[in-house]
Every structure is written in structure tokens, then in C-alpha cells.
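A short worksheet on the structure shown next.
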Amino acid sequence: MKATFCTRREFCALFLFLTVFVFIFVLRHMDILEFQPKFNSTIIMPRVSTHPNEIRSFCTFKPLSPEDALEEYLILDSTAWPETPLLSGPIFLEQTSDPAHSTFTILRGRKGGQWHVGDQLEVMILTSDFQGRPKKSGGDFLFARLHNRKLEAGVVGQVVDHLNGSYSAVFSLSWEGDAQVKVTLVHPGEAISVLNRLNREQPYRMYFKSLFRSGSLSETTLCDVCLRPTQQPLCNYTDLRTGEPWFCYKPKNLSCDARINHFRAGSKGNLLNANEGKLFQSGVNLKVYIRASGPANVTVLPQKEGQPQVKSSTVTSGPSGYYYQGVWRALGGTTVREFNASAISQCLKGKVVHMYGDSTIRQWFEFFDATLPGLKEFDLHSLRRTGPDMSLDYANNIFMTYRCHGPPIQYYPISTRELRYIANELDDLVGGPNTVVVFGIWAHFGSFPMEIYIRRLQSIRRAVVRLLERAPGTLVVIRTTNPRYLDLFVSLTNSDWFSLQHGKVLRAMFKGLNVHLIDAWEMTLAHHLPHNIHPPPPIIRNMINHLLSYICPQNSD
């Protein structure tokens, strides 16, 4: 019998293209082809100063354009948090917000305590200190959620700070039946002041190192976005294309070119005094529920035709979606559909999907690998946490990759050859109607000043704009931040408050562009499962359904 390996010209061409692409990708990864990222490895001899003002301003970065500088100022101003009065002395903790003495009350509203689907429910939250005295200032960080476990329903409440110790939480009523209110004190305002101070005075409390090696000689030195001047010269690894800064102290006996890896080396201790440490106590004032002063639940009646809806004047925006029967229903934008393995393969058929970012994006890559039987991961002998990773489904012509973002990245040793900035990766893409770009970058920036995160996003946004200009059909999807489990250590470096602020910046940065957001913040907060930096499978499946609904919208079926 005559062999018929390629019977269609289009399939043969496609197969040849994929084969060459995979071959180049493997050679590149195995260092057979030279695709080194371009860094400036100039040696810098710092001027050492002991003047306090000069020590505080030792970090100097590439000047922003007037437009970027104005944007940075406006974003920082829009995300500013209410300041709390300074407290000191032995009664420090007693003057802060105590969830055990604070309460919330469901307001009866204009219908006299009757609510229908489509109405808004408003809750008043009153905070008090540890002696039961009403607080007179705002600044507390609160979560509010409306849920029904039996219906697997949940929605996030919009919290408004009245700056006088009282807060409003407004919920959109989206399902019939019982709806229970949950209010959580994440941090008292005084804890937020401490977190602000840490990012201002101790921005480099997570520290990084690199190993330098040449033959039998090896040395390890400290590295970071910027380093305090000492008598030791610096190696400058600022990326030539993006301008993203990164420095290491130069090894004594090796050149800057001998750097072979990057890793998180630990974190600084003794950041808080005894009083400040009391502000981050699990079960006391760290992610603790606030009790209701009356009923904590309402019964939502069916929506009536022609019935006027009750809307709160306290908030102007609503939630991005809600859960019902365990399924996320987006409000506005695309209709989220459910996809089984077969439907996922059909949706991604002929697609190239590139994923960039931290481990919360890698979680999506791993979901596809575990769910699609035809998707096979190609073994690049890379570290599981860092990548790069690549999977192929030849039968359905699906090509999928994952790569972590460039430093700061809090992973275990990663080769410097694999340190790539998202903006550069996007600039190297051809793009087109069969290309999907997914990225999420936030979890490794919690301990850094917000200006560093803003500048990273500005660099990525410029690359997104260039990509969409040369390949308008490219689909770009961005994953937002999400809340996580907190204890004292995690709070000081990756508090939910840092993530909330990063989420605000992310939304502001990409507003108005032809990109789509997956609201991981609300999808995690509205769910009944415990918060985790890597949300549990039911939440991830809903995120993937949302992503696929952008790739394969309902109206194109």
C-alpha cells in the first residue's frame, strides 16, 4: 500500500511550519541557537555617601516622558489610601479597629425591608476600637460578600469609606432566595499605614542573589532593582530594549558576564516594633469577620415586570459578575459559557496561545495540560515553576507556551538565559487572528514601591499597543490580582492590600485598549472557598471558561 503522509497542501505546509517552529524553539532553549536577551552589563563604580537624604534617594532610574510621568502621578493620586492618625504608647492596639467590637447592619431601604432581583442591598458598617469606643477615622481595609452556599451563589460588595469610622457596602441582588452578608476586616487602617511605611522605607525587604561562575571559580552576590552604594562596584543588567533596571554587586574575582542564574535569597527580619506587630494577628485583627447587629441575611424575591429597581446612591459602579450554581456569570461584556474538554479543544483548534507572567498564569497552563488529552507537553528540561513550557496538540493544531516574567521574580534558581521581560516577548511575536496572548504580572511586586510596578506596566502596554497595531486580530487577555491567605509574614510582603492597589493600577493602565480582563479578584472573593494565591480548581475552571468565552464568543458559533 502506498504511504499517504501528506495528502493536502495546506496541511503539509502547516505541519512543516510547526515542525520548523518546534525545532527552532528546542534549539533556542538548548543553547544551540543564540537568542540571548540583551542586557547592559556595564560595571558601575558608585559614589558612596553617608548623607541621609542621599541614602534615601540612591535609586535613580531612566527619566519618564512627560506623558508617562503625568500618568504615574495621576495613578498614584487615584489609588491613595486614607491616612490614619498616628498612635503611640502602651494603648496603641486599644485605639485601633477591633472586629469583635465592630458591627454591620442591613439597611431596610426605600421598600421597607423588601428586595427583588435587580435591586441593591446596602449595609452600614460601624467600627469600634478594642475598648468598644466608636472609631472617628477611616482607612480600614474591608471585604464584603453576599452569598448562598446552598445555591453556590456569591457576589462581591462595593465598600465605601466615609472617613469617620463608618463604611457602606452595596450589593447587587442577582438571585432569588436567601442571601447572607459577610463582612471581613482584612487590616485596620493603622496596619495599612505600616505597610505604606515599609514600602517607602524598606522597599527591598525581599532580597535576591545571583551565582557567578567561570571554570572552578564561583561567587554569589546580592541583586535588586537598585542597590545601596558601597565600595563594591555594581554590574548593570538594565535591559537595553525596555530600560527595566536590574543590578548586582560585582563579584570580587569574576566579571559581570559570568552571571548564570537568579534566585530569591530570603527576606529581612525585624521590620516591625512590638506595637506594630500586634496589628497583624490572625484571629484578632487580620482577616476576621465582623458580626451583624441584627439579621445577617435577606430573602430576595423574583423580579417583577415594570417594577422600579432600588439603586443605592452610595456607589456608581457594580460588580463584574457573580456566581450562581457554582458558575461565574459576567455582568457586561461577553457571555461566559461552560467548556468541557472536547469543547476546549474545538475552541482552541488552530490557535497559538502564549502565556506570560507569574505562577498564577502558570496555573492556567497546567489546567490545559491536565484537561486536554491531546495536548502533550514537550519536555524542555526546564524547572517546573519557571518554565519555559511548551505543549502541542498536533491533531487539533494547538500550540501553547508559558514563560515567567523578568525580575523581580521570587523563584528558586532560574537561568539568566531564561529571564525575559514580557514587553520583549510581545515585540517578538508575529500575532494575528489565531494568536492569543495571556499575561498576569503582580504577585512578585508587593514589597516594591508602586512606581516600579507602574513603570513595568507602562513598558508592557507599549508592547501591547505595538502588537495590536501590526496584528489587529491578536486577542490579548489580562488576568488581574486576587486575594490570598494571610499571616504576619505574608502580610508584610504580599498583603491583599498590595494586591488590591496593584489591581487598581492594572485596570487604569489598560483602560481603553482593545484587551480583555479576567477579574480574578472578584472571582476569588465572591467564592466561598478559602483564599489562596493559587485559587482552587473550581475557581480556576471558571476563569478558564471566561478566557475561552473571549476566544470563542457565543455570537460566532
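List of remarks:
- Taken over region 187-215, the criterion of being assigned to a loop (DSSP other than H, G, I, E, B) and surrounded by fewer than 21 Cβ atoms within 10 Å (Cβ to Cβ) is satisfied by Q202, P203, Y204, R205, G215.
- Strands (runs of 3 or more DSSP E) enclosed by region 70-156 - at least 2 residues per element that are among the aromatic types (F, W, Y): 141-148
- Selection status of F280, within 30 Å of F130 (Cβ to Cβ), in contact with a strand residue (DSSP E or B) (Cβ under 9 Å, 6 or more places away or on another chain) and aromatic (F, W, Y): yes
- Put simply, of S459, S447, S415 the only residue that is under 20 Å from R264 (Cβ atoms) and either at pLDDT 95 or above or surrounded by fewer than 23 Cβ atoms within 10 Å (Cβ to Cβ) (or both) is S415.
- Every pair of residues 6+ apart whose Cβ atoms lie under 9 Å, when the first sits in region 276-302 and is within 30 Å of V117 (Cβ to Cβ) while the second is open to solvent by 70 Å² or more (accessible area, probe 1.4 Å) and part of a strand (DSSP E or B): S293/L126
- Residue in region 131-142 that is over 32 Å from the mean Cα position of the chain (by Cα), free of Cβ contacts under 8 Å to residues at least 24 places away in the same chain and open to solvent by less than 40 Å² (accessible area, probe 1.4 Å) present: no
- For region 407-451, a residue qualifies if it is assigned to a helix (DSSP H, G or I) and either farther than 30 Å from I192 by Cα or of a type in the set (A, V, I, L, M) (or both), and the qualifying residues are T416, R417, E418, I422, A423, N424, E425, L426, D427, M450.
- Pairs linking a residue in region 412-437 that is within 18 Å of S382 (Cα to Cα) and of a type in the set (A, V, I, L, M) to a residue that is in a loop (DSSP other than H, G, I, E, B) and open to solvent by 50 Å² or more (accessible area, probe 1.4 Å), with Cβ atoms under 9 Å and 6 or more positions apart or on different chains, are I414/R385.
Let's see how each residue does on (1) open to solvent by less than 50 Å² (accessible area, probe 1.4 Å); (2) outside any helix (DSSP H, G or I):
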position	(1), (2)
Y453	yes, no
R466	no, no
T493	yes, no
G512	no, yes
M523	yes, no
I544	yes, no
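- If only residues of region 153-185 that are open to solvent by 30 Å² or more (accessible area, probe 1.4 Å) and under 25 Å from the mean Cα position of the chain (by Cα) are counted, the one that is farthest from S128 (Cα to Cα) is Q158.
- Pair list, Cβ under 6 Å, 6 or more apart: region 458-486 residue closer than 14 Å to L500 by Cα and in contact (Cβ under 8 Å) with a residue 12 or more places away in the chain, other residue open to solvent by 10 Å² or more (accessible area, probe 1.4 Å) and of a type in the set (V, I, T): R484/I533
The values are calculated or read from the model by the stated rules, or taken from the named source; none is laboratory data. The model shown is predicted, which means the values in this text are computed figures rather than measured ones. Cβ atoms come from the backbone with ideal geometry, glycine included; neighbour counts cover every protein chain shown. Remember, those area values only see protein heavy atoms, side chains included, never the ligands or the DNA or RNA. Shrake-Rupley method; radii C 1.70, N 1.55, O 1.52, S 1.80 Å.
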